[in-house]
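Report on one structure; see the data block that follows.
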């Protein structure tokens with residue numbers, strides 16, 4: 001049985017086109033909004049700036065680090 005390491009985000013940052021994650025092993029992942037979430041891709045820049053953890057309360061969107069990393073492989 002293969003186990004998958006669970007990654008944690010030490011920090012998240014938003015740009016006009018990307019979600020930027022700093023992972024617990026210090027790797028940085030820059031992911032286009034369209035690859036993360038349809039809701040985030042359609043959200044305004046103001047809505048994206050109000051994240052808590054990896055949660056955007058204004059559009060009720062929650063993401064997991066592992067889920068995002070699977071999308072960008």
| query | Just from its helices, what would the mean residue ellipticity at 222 nm be for the chain, if runs of 4 or more DSSP H residues each count -39500 (n - 2.57) and the sum is divided by every residue, rounded to the nearest 500 deg cm²/dmol? | reply | -6000 deg cm²/dmol
| query | If you average the sequence gap of Cα pairs under 8 Å that are 6 or more apart and divide by the length of the chain, what percent do you get for the contact order? | reply | 23 percent
| query | By how many nm would the segment from residue 60 to residue 6 lengthen if fully extended, with 0.36 nm per residue of separation less the alpha-carbon distance? | reply | 17.1 nm
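Rule-based calculations on the coordinates, nothing more; no lab input. Worth saying up front: this structure is predicted, and the values here are computed from it rather than measured.
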